[in-house]
Amino acid sequence: MFAAPVYAAERLLAEAIHDEHVSVDAVVVLDALAEHVTAVEAPALAAVAENAQLSCEELTAALGDLDDLGYLQELAEHAPPLSALRASLFGTAA
């Protein structure tokens, strides 16, 4: 049950690492979010920022970049709690 979301998160992370359009901060945030693909609830943004060692502004910019490039949406498709987080951040459908 957990294999598909974990595999998807790892695949997305590998793609992001090699994508020249993805900043280092965005890769770090994607990695931090990937740790929560099997969680029941979305992580608190403060916890993600702390885990990624980013300020709130840097976290917001990285999340925006990930969403613009489709990484956040694809990750959210495999993890419902992250879908709800994305919806709350960007006003998208969960």
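Could you please give the count of residues in the range 3-37 that are under 18 Å from residue 80 (Cβ atoms) and either touching a Pro at 6+ places or on another chain (Cβ under 6 Å) or among the charged types (D, E, K, R) (or both)? The number of residues fulfilling the criteria is 3.
Return the pairs, sorted by first residue and then second, in which the second residue is not in a helix (DSSP H, G or I), the first residue lies in the range 23-41 and is within 19 Å of residue 3 (Cβ to Cβ), the beta carbons are less than 6 Å apart, and the residues are 6+ apart or on different chains. Every condition considered, the pairs that remain are 36/43; 37/79; 38/2. Would you mind stating whether residue 70 is at positive phi and free of Cβ contacts under 8 Å to residues at least 40 places away in the same chain? Judged against the criteria, residue 70 is a match.
Would it be correct to say that residue 44 is surrounded by 15 or more Cβ atoms within 10 Å (Cβ to Cβ) and out of contact with any Gly (no Cβ under 8 Å at 6 or more places or on another chain)? Answer is no for this residue. Return yes or no: is residue 69 under 11 Å from the mean Cα position of the chain (by Cα) and of a type in the set (A, V, I, L, M)? No; evaluated as a whole, the condition is false for this residue. If you go through the range 2-25 and pick out every residue that is at pLDDT 90 or above, among the hydrophobic types (A, V, I, L, M, F, W, C) and more than 12 Å from residue 75 (Cα to Cα), you end up with 4. The number of residues in the range 47-56 being open to solvent by 80 Å² or more (accessible area, probe 1.4 Å) and touching a residue at least 24 places away in the same chain (Cβ under 8 Å) comes to 1.
Among the residues of the range 57-94, the ones that are farther than 17 Å from residue 14 by Cβ, modelled with pLDDT of 90 or more and open to solvent by less than 50 Å² (accessible area, probe 1.4 Å) come to 5 in all. Being surrounded by fewer than 18 Cβ atoms within 10 Å (Cβ to Cβ) and hydrophobic (A, V, I, L, M, F, W, C) is the requirement here; does residue 26 meet it? For residue 26, the condition - surrounded by fewer than 18 Cβ atoms within 10 Å (Cβ to Cβ) and hydrophobic (A, V, I, L, M, F, W, C) - is not met.
The values are calculated or read from the model by the stated rules, or taken from the named source; none is laboratory data. Here the structure is a predicted model, which is why all the values come from computation and not from measurement. Because the Cβ atoms are built from the backbone with ideal geometry, glycine has one as well, and the counts that use them run over all protein chains shown. These accessible areas exclude ligands, DNA and RNA; they are computed on the full protein's heavy atoms, side chains included. Shrake-Rupley method; radii C 1.70, N 1.55, O 1.52, S 1.80 Å.
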